[in-house]
Structures are given as C-alpha cells and as structure tokens.
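Data block below; observations after.
The values are calculated or read from the model by the stated rules, or taken from the named source; none is laboratory data. The structure presented is a predicted model; accordingly, all values stated were derived computationally and were not measured. In this analysis, Cβ positions are derived from the backbone assuming ideal geometry, glycine residues included, and neighbour counts consider all displayed protein chains.
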C-alpha cells in the first residue's frame, strides 16, 4: 500500500534525549510523560522503547493507562487526573495503576471503597496553576484523611505543576516553589515538581522525580529556540512526497483564495499532505526540505495538499521526498510560521498518517 505521508519515529533519538535529560539530575527518577499518545509519537512504542530507563509513565486518563497495560507495559503507570468515580477506582484497583489525588471528592470515594490492593497516591497541591490540586490551606486535612486510609501506600508522594516555568523573567515559579515548600513542611514523601521547562530553568525543582514531556521528543517547551540547540534530537520526522509538478507563468495564482501569485515563471510541486493529516492550515511560507534542499510553501494549506516552490531545485520530480519537520528541519520553525506551538503540531496528526518506528538511526527511504 502506498503511504505518502509518514511519521518516522526514531527510537534511538528518544533514548538519547532521555539520557541527556537524566544527566541534568542523575539522582532523580523519571516520570516520563506519554499522555496524548506520547505527544503524537505513539505511546505504546515509545513506552516499550524506554521502559527500562524510566521509573514510571504518566498519562492523563484511565483509557490511556489501559492501552499501555494491554500492550504489556510493566512499569508503574500514573494517571494524572486520577479517577472520576467509584467505577473508575475499581478499574484502577484491578490493574494496579497509580493515581494523582487532587480533590476531596476523590478522597470520599476512596473512603467509601474497598480496595483489594494498596494504592500508590500522588498528592497534588495547587500552588498557582489553578487547574488540579489541593489549595495549600487544604493540604493538612486532605493529608490526614489519606494517611488514615489503610489501603493507601505510605509515605505519600507530593507534586505540583508550574504555570510559567518557561519564563525565567517571571517570578511566579519562585512563588510556587515557596508555596509548595510551605505546604509540605514536616511531611515525608517523594517530591515531583519539575516539568520540561523547570528541568531546564529551575535546578532546585529537580527533586526525587522529574517528569519530562516534550523534551523527550527533541523539542523545547519555549516559544523561542530549538531542541537542536540544546543537543536534543528530533524523534519525529514527518515526510510526504511530491505527487505532481506544474510549470507556471508569472502572475499565475496557486491554491485556494489565490493568495500566492507567481512572481516569475516557476515550478510548483504539489505535495500529498494537508490539514486533513494534521499539518497546520494557517501556515504560510513555512520551510520544507525537498530531497534535502530547503525551500518553502506557496499558497494556502488545503485539506489534502500543499504547494512548494521548486525554482531552485531543478532535480525535484514526482516522488521526491518532502520533509515537513524533523531531521534537518526543527519543528519549532514550522510552529512559528503557523502561529502555533510545537506541542500542537505533534499532537494533531491524524489517523491518515502512517507511523514507522526505528530502533537505529533514521533512514528516510520511502
């Protein structure tokens, strides 16, 4: 079967990135974030590839944990939203998953349920993100109730999440660290504070556990810079092919809305990828690589196709390889051209994209 658009996932690059991250905090255990299908990279294959190198995996929802369990993942799986009702808690208990507990409703469910095994709890404190977690003034009461539960593993683990760790000029993270330290003063247990941004910007937060997300996949959690500049390797390379080439005269318009008009006689390649595959529709003049040569988009991104400028690539032909981001072309560049964040580009790839996983260095033969 002809697969024109492929997400090549370099599992060697993934392991290399993990080693670089671990080198920043050798004493910390790694809670590897593989939520949202490992940021669009394929959660099962990613988990299998690095299972022996991490302490646990983090997902958002129970169904993600069940997918990993079904695939044979043995390392602890932490559900970051916890459980929503007694029925979900029963499934958590049946499969031995670990849970974040972040509100009193969950504690009530725990108190009313009969667990068959000891549950490992990650106690979340809201220090300023204001999404999930106990407020600092609620910590003592929530902590005491959990400690009284005979089927909760002791000691508890404590975590929080930073809202502005990507911005070192903002003192919000320092305030959150202070609130966290005050909230857990005198309490015993593992600590987990550092997300990708904090791993890079706030060494103090590299505690018992670190939880890298986008860094694992070779991109930065910032609006500027690239993973390549930090010595990281792109794990995903998204590629497609030229399916036809047109010779157009000066003044001819290309694509919907006729937003691009040829400034001179030029060759335009039509590439078999569009927003139906997850490529961002708002992208204009973004860089691409055609047979390894840098050029750019022309015209508007359509559902199934884009146009690329071939004026300086005379050897381009039908079937030529086109890299949209990845090896040789940082995803951060494309994100900037689309007005979006690299997280979004990774996560929005659709089921039309074929995934190919590699254990060795990337080979883009198609």
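Just to verify a result, which residue in the stretch 1-33, among those that are farther than 22 Å from residue 228 by Cβ, assigned to a loop (DSSP other than H, G, I, E, B) and assigned by TED's automatic domain parsing to the domain that holds residue 189, is nearest to the chain's Cα centre (by Cα)? Top of the filtered list is 28. Please enumerate the residues belonging to the stretch 215-253 that are assigned to a helix (DSSP H, G or I) and either closer than 19 Å to residue 26 by Cα or in contact with a strand residue (DSSP E or B) (Cβ under 8 Å, 6 or more places away or on another chain) (or both). If the condition is that a residue be assigned to a helix (DSSP H, G or I) and either closer than 19 Å to residue 26 by Cα or in contact with a strand residue (DSSP E or B) (Cβ under 8 Å, 6 or more places away or on another chain) (or both), then 215, 216, 217, 230 are the ones that fit.
Of the residues making up the stretch 31-44, those that are at negative phi and buried (at least 21 other Cβ atoms within 10 Å of the Cβ) are 31, 32, 33, 34, 41, 43.
Within the stretch 17-38, the set of residues being out of contact with any strand residue (DSSP E or B) (no Cβ under 6 Å at 6 or more places or on another chain) and within 17 Å of residue 81 (Cα to Cα) comprises 36, 37, 38. Do we find that residue 100 is closer than 21 Å to residue 17 by Cβ and buried (at least 16 other Cβ atoms within 10 Å of the Cβ) in this structure? Spelling it out, it is not the case that residue 100 is closer than 21 Å to residue 17 by Cβ and buried (at least 16 other Cβ atoms within 10 Å of the Cβ). Scanning the stretch 287-300 for residues that are surrounded by 22 or more Cβ atoms within 10 Å (Cβ to Cβ) and part of a loop (DSSP other than H, G, I, E, B) returns a single hit, 299. Number of residues in the stretch 227-257 that are crowded, with 20+ Cβ neighbours inside 10 Å and in contact with a helix residue (DSSP H, G or I) (Cβ under 8 Å, 6 or more places away or on another chain): the value is 6.
The residue that is surrounded by the most Cβ atoms within 10 Å (Cβ to Cβ), among those in the stretch 301-316 that are touching a strand residue (DSSP E or B) at 6+ places or on another chain (Cβ under 7 Å) and in a loop (DSSP other than H, G, I, E, B), is 310. Within the stretch 170-225, being surrounded by fewer than 19 Cβ atoms within 10 Å (Cβ to Cβ) and at positive phi holds for 186, 189, 225. Is it the case that some residue within the stretch 256-270 is under 26 Å from the mean Cα position of the chain (by Cα) and assigned to a helix (DSSP H, G or I)? Checked the stretch 256-270: no residue is under 26 Å from the mean Cα position of the chain (by Cα) and assigned to a helix (DSSP H, G or I).
Within the stretch 317-339, the residues that satisfy the criterion of being in contact with a helix residue (DSSP H, G or I) (Cβ under 9 Å, 6 or more places away or on another chain) and part of a loop (DSSP other than H, G, I, E, B) are 327, 330. Being over 19 Å from the mean Cα position of the chain (by Cα) and at pLDDT 95 or above is the requirement here; does residue 52 meet it? So residue 52 fits the description; yes.
Being touching a helix residue (DSSP H, G or I) at 6+ places or on another chain (Cβ under 8 Å), buried (at least 22 other Cβ atoms within 10 Å of the Cβ) and not assigned by TED's automatic domain parsing to the domain that holds residue 343 is a property that residue 78 lacks. Among the residues in the stretch 258-273, are any under 30 Å from residue 11 (Cβ atoms), buried (at least 20 other Cβ atoms within 10 Å of the Cβ) and in contact with a strand residue (DSSP E or B) (Cβ under 6 Å, 6 or more places away or on another chain)? Yes, some residue in the stretch 258-273 is under 30 Å from residue 11 (Cβ atoms), buried (at least 20 other Cβ atoms within 10 Å of the Cβ) and in contact with a strand residue (DSSP E or B) (Cβ under 6 Å, 6 or more places away or on another chain). Examine the stretch 65-87 for a residue that is in contact (Cβ under 8 Å) with a residue 60 or more places away in the chain and within 16 Å of residue 195 (Cα to Cα), and state whether such a residue exists. Within the stretch 65-87, not a single residue is in contact (Cβ under 8 Å) with a residue 60 or more places away in the chain and within 16 Å of residue 195 (Cα to Cα).
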